[in-house]
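Asker: Sharing a structure here in structure tokens format.
Read-outs: derived from the displayed coordinates by stated rules, not from any lab. This is a predicted model, so every value here is computed, not measured. We place every Cβ from the backbone using ideal geometry, glycine too, and count neighbours over all the protein chains shown.
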Amino acid sequence: MSTANTTTKNRHLELIGIGLIALLILVVLPVWLDAFRLNLVGKYLTYAFVAVGLVLCWGYTGILSLGQGIFFGLGGYCMAMFLKLEASSVANTKIQSTPGIPDFMDWNQLTHLPFFWVPFKSLPFALIAVIAVPSLAAFILSYAMFKRRVGGVYFAIITQAFAAVLTILIIGRQGYTGGINGITDLRTMWGWDIRTDGAKEILYFACAFLLIGMMFLARFVLSSKLGRILVAIRDKEDRVRFSGYDVASVKVFIFCLASAIAAVGGAMFTLQVGFMSPSFVGIVPSIEMVIFCAVGGRQSVVGAVVGTLLVNYAKTSFSESFPELWLFAMGGLFIAVVLAFPRGIAGLFTDQVVPLFMKWKSARDGATPDATPAPAE
Amino acid sequence: MANSTDFLLALEGVTVSFDGFKAVNDLNLYIDKGELRVIIGPNGAGKTTVLDLICGRTRVSNGSIKFQDHEITGLTEHEIVKRGIGRKFQTPSIYDDLSVFENLEISFPRGRNVFGALFWNRTSEIIERVQEIAEMIYLSDQINQRAETLSHGQKQWLEIGMLLIQDPELLMLDEPVAGMSVSERVKTAALLNTIIKNRSVVVIEHDMKFVESIAHRVTVLHQGKVLAEGDMEAIQADPHVKEVYLGH
């Protein structure tokens, strides 16, 4: 019976956690921080989308993806393509040899817009593509793997290879993608200048609300029967088949969902930071995102967000003073998490802090009636 | 001899080879509706492999497996489960991180696709059914406990319960009393005797006492082939069987 109580207690704790995060990112930080720092936090929050997705696919289902940068990047690129086209109006680009196409295409001797760029002139199309393109990529990748029952470390390696492939592709085809510099100099969205402080503040709040929405979405999935099937798959994948479930389609679904959530983060990144480049697609950022999630606690939606914010805060303040040491610190942190507290900060909190608090509370509650005669046992 | 449509399950000429080694060799096995069949045989006789073949875990190299007169070779595991075949594994195979209730609920034969599971509604009908099964498998008091904390015998019962709630036409049990204490064995035999009603059951078992207590018909496997088939007394009297198995 006590276990059931703990589960419901954890559910309540999680709700309180989401509430506290909402308070922090919607009230405390905007009041406390200047525009520059707030924009920085906004950037961190976009990584938190990826971490929330990783809680679903890695923490609960046991699918480790070392290629979430693919989906973050694809979402970000879809957004950037729209913004770039809007910034490349004929009026803005009249000094180019071919006016009306993005500047990097002109530098690469392209004379017309490539066909796959054309639909990105439309904002509704771009917004749909932000979700649809990464989800489709995730579907093809995961369907091919999971139907063949490729999993575990092999899947992780393949996702990593895909992250490398996509980076090489983007860098190599710079006339179509902007190359290593990425897609830069983004200005307006439907005429609304996204570079002003006011716009950045609005985008920050949009990002924060979306993140909270994604946390509730993840919570909904995890508290449904599907959530329990995910745990069952992590536990004993083979057995789940004999309970009558098509394990592959469940895994494909959760991987696509995680990727779609990451992609929303990528799009918000592009909007807030004002560019997208292959350095957010490849292996290193993908692994960093796994570390954010691991530090925060891969089985906790709240933990993943907290972990992302903390690690990025540490990264920013640490690398301002000791830039060359940061990577070592990060590596050390990851090893420490894996060895010492595999359930991350969230695990430390529920295993150590909460029992301590309960003890303190019962001691205090016990102390008050102590003044009156203790009830006979 | 009845024609093939009367059998619930019919294996004909089934062969499976692993790198040339024929674990099951040209096997014929017929299970009637409502029959309880015990499969015995020395180690390596291919008993577990036969169950693996029926439930789709191992692919048949040659031959045909028909369930309710439909070919089931080539179907995936979950499709075979949906046809009505349930399987209990040798080691207790339950979901440690879930509670007894959740283990049973997952096995309830509804909402088995992604969206069915996502928008699953825990109705009173399901709760009642889960509680009913929990009582049958002696786990009512542990219903909200994490399955990991159960004893070995209780885990075996839970797995039997997970099969029961699936309500299969054919139930396959791989050593259901292995590692159980004497009192647990007695309870398990009672449990099996109640659940075999209205369905066919195939049991693999080593424990001869237990086999005697439940068996209707016994099939002896040896080196991937049927060595003998019949009731318990006939089997025990069979000189071939004595030679390879019982006499040891």
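Asker: Residue by residue through B:104-110, how many Cβ atoms from other chains fall within 10 Å of the Cβ on average?
Answerer: Mean partner-chain Cβ count within 10 Å for B:104-110: 3.
Asker: Per residue of the stretch A:323-332, what does 6.51 cos²θ - 1.76 cosθ + 1.60 with θ = phi - 60° give for ³J(HN,Hα)? Whole Hz please, x for Gly and Pro, Karplus curve as stated.
Answerer: Calculated HN-Hα couplings, in order: x, 6, 8, 4, 4, 5, 4, 5, x, x Hz.
Asker: Can you check what the net charge comes to around residue B:143, using other residues whose Cβ is under 13 Å from the Cβ of residue B:143 (Lys, Arg +1; Asp, Glu -1)?
Answerer: -4
Asker: Here is a further query. Counting Lys +1, Arg +1, Asp -1, Glu -1, what net charge surrounds residue B:9 among other residues with beta carbon under 14 Å of its beta carbon?
Answerer: Numbers: positive: B:33, B:37, B:66, B:83, B:87, B:199, B:217; negative: B:6, B:12, B:32, B:35, B:69, B:71, B:169.
So the environment of residue B:9 carries a net charge of 0.
Asker: Could I ask something else about it? Given the options A:314, A:48, A:304, which has the most mean-square fluctuation in a GNM of chain A, springs set between C-alpha atoms less than 10 angstrom apart?
Answerer: A:314
Asker: If one computes the Cα centroid of the stretch B:47-110 and of the stretch B:194-215, what distance in Å separates the two points?
Answerer: Measuring centre to centre over Cα atoms gives 18 Å.
Asker: Please give the FRET efficiency for residue A:238 paired with residue A:89, using the beta carbon to beta carbon distance and R0 = 51 Å, rounded to the nearest 0.05.
Answerer: Once rounded, the FRET efficiency stands at 0.35.
Asker: Go through A:105, A:135, A:209 and say which Cα lies farthest out towards the positive end of the charge dipole of the stretch A:9-357; charges sit on Cβ, +1 for Lys and Arg, -1 for Asp and Glu.
Answerer: In the stretch A:9-357, that residue is A:135.
Asker: Along the stretch A:80-92, what does the Karplus equation 6.51 cos²θ - 1.76 cosθ + 1.60 (θ = phi - 60°) give for ³J(HN,Hα), rounded to whole Hz, x for Gly and Pro?
Answerer: 5, 5, 4, 4, 5, 5, 5, 6, 9, 5, 4, 5, 6
Asker: Quick one: net charge around residue A:89, please, counting Lys, Arg +1 and Asp, Glu -1 for every other residue with C-beta under 13 Å from its C-beta. Can you show the working numbers first?
Answerer: On the way: positive: A:84, A:94, A:121, A:187; negative: A:86, A:103, A:185.
Residues near residue A:89 contribute +1 overall.
Asker: Now for a different question. With a 10 Å cut-off between alpha carbons and a GNM built on chain B, which of B:171, B:118, B:11 moves the most?
Answerer: Per the Cα network of chain B with a 10 Å cutoff, B:118 tops the list.
Asker: Return the sequence-ordered ³J(HN,Hα) values of the stretch B:186-202 in whole Hz as given by the Karplus equation 6.51 cos²θ - 1.76 cosθ + 1.60 applied to θ = phi - 60°, using x for Gly and Pro.
Answerer: My calculation for the stretch B:186-202 gives 4, 5, 5, 4, 4, 4, 5, 5, 7, 7, 6, 5, 6, 8, 9, 9, 10 Hz in order.
Asker: How many nm separate the modelled label positions at residue A:168 and residue A:321, each set 7 Å beyond the Cα in the direction of the Cβ?
Answerer: It works out to 4.1 nm between the two label points.
Asker: Let me ask you something else. Could you give the distance between the Cα centres of the stretch A:301-341 and the stretch A:56-78, to the whole Å?
Answerer: Using only Cα atoms, the two centres lie 19 Å from each other.
Asker: Please give the helix A:247-273 orientation as an angle from the longest Cα principal axis of chain A, in degrees from 0 to 90, rounded to the nearest 10.
Answerer: Taking Cα atoms only, the helix is inclined about 60 degrees.
Asker: Where does helix B:124-136 land angle-wise versus the long Cα axis of chain B, in degrees 0 to 90, nearest 10?
Answerer: Approximately 50 degrees, to the nearest ten.
Asker: Separate question: Would you be so kind as to identify which of A:80, A:56, A:252 lies farthest towards the positive end of the dipole of the protein assembly as shown, taking Lys and Arg as +1 and Asp and Glu as -1 on Cβ and the Cα centre as origin?
Answerer: Result: A:80.
Asker: Placing unit charges on C-beta atoms (Lys and Arg positive, Asp and Glu negative, everything else neutral), compute the dipole magnitude of the stretch B:147-248 about its Cα centre in debye, rounded to 20.
Answerer: 140 debye
Asker: Would you work out the charge dipole size for chain A about its Cα centre, treating the Cβ of every Lys and Arg as +1 and the Cβ of every Asp and Glu as -1, and quote it to the nearest 20 debye?
Answerer: That gives chain A a dipole magnitude of about 940 debye.
Asker: Specify the inter-centroid distance of the stretch A:182-241 and the stretch A:128-155, based on alpha-carbon positions, in whole Å.
Answerer: The two parts, judged by their Cα centres, are 18 Å apart.
Asker: Another question, if that's okay. Can you tell me how much longer the chain between residue B:207 and residue B:119 gets when fully stretched, taken as 0.36 nm per residue apart minus their C-alpha distance, in nm with one decimal? Before the final figure, lay out the partial values.
Answerer: Numbers: separation 88, 0.36 × 88 = 31.68 nm, distance 4.42 nm.
Full extension from residue B:207 to residue B:119 adds 27.3 nm.
Asker: Using a 10 Å cut-off around each Cβ of peptide A:243-254, what is the average number of partner chain Cβ atoms that fall inside?
Answerer: Working: counts 15, 16, 12, 8, 3, 2, 3, 5, 1, 1, 5, 1.
Mean inter-chain Cβ contacts per residue within 10 Å come to 6.
Asker: When a/c is below 1.5 the answer is rounded, else prolate if a/b is larger than b/c, else oblate, so apply that to the stretch B:184-248 with a ≥ b ≥ c taken from the square roots of the Cα gyration tensor eigenvalues.
Answerer: On the way: a/c = 2.34, a/b = 1.80, b/c = 1.30.
Prolate shape, in that a/c is at least 1.5 and a/b is the bigger ratio.
Asker: Provide the percentage of antiparallel DSSP beta bridges, counting only those with both residues in chain B; round to the nearest 5.
Answerer: If I count the DSSP bridges inside chain B, around 55 percent turn out antiparallel.
Asker: Where both residues lie in the protein assembly as shown, what percent of DSSP beta bridges are antiparallel, nearest 5?
Answerer: Just about 60 percent of them are antiparallel.
Asker: OK, next. Sorted by mean Cβ packing within 10 Å, highest first, what order do the peptides A:54-61, A:354-361, A:331-338 take?
Answerer: In descending order of packing, they fall as A:54-61, A:331-338, A:354-361.
Asker: OK, next. Stretch residue A:197-residue A:98 to full length: gain in nm at 0.36 nm per residue minus the Cα-Cα span? Mind showing how you got there, number by number?
Answerer: Numbers: separation 99, 0.36 × 99 = 35.64 nm, distance 3.25 nm.
Taking residue A:197 through residue A:98 to full extension adds about 32.4 nm, to one decimal.
Asker: Give, in nm to one decimal, the length gained when the segment between residue B:43 and residue B:90 is fully stretched (0.36 nm per residue of separation minus the Cα-Cα distance).
Answerer: Numbers: separation 47, 0.36 × 47 = 16.92 nm, distance 1.36 nm.
That pair, residue B:43 and residue B:90, stretches by 15.6 nm at full extension.
Asker: Still on this model: Show that you can apply the helix-only estimate: for chain A, add -39,500 (n - 2.57) for every DSSP H stretch of four or more residues, divide by all residues, and state [θ] at 222 nm to the nearest 500.
Answerer: Details: 16 runs with 265 residues, N = 377.
Value at 222 nm, helices only: -23500 deg cm²/dmol.
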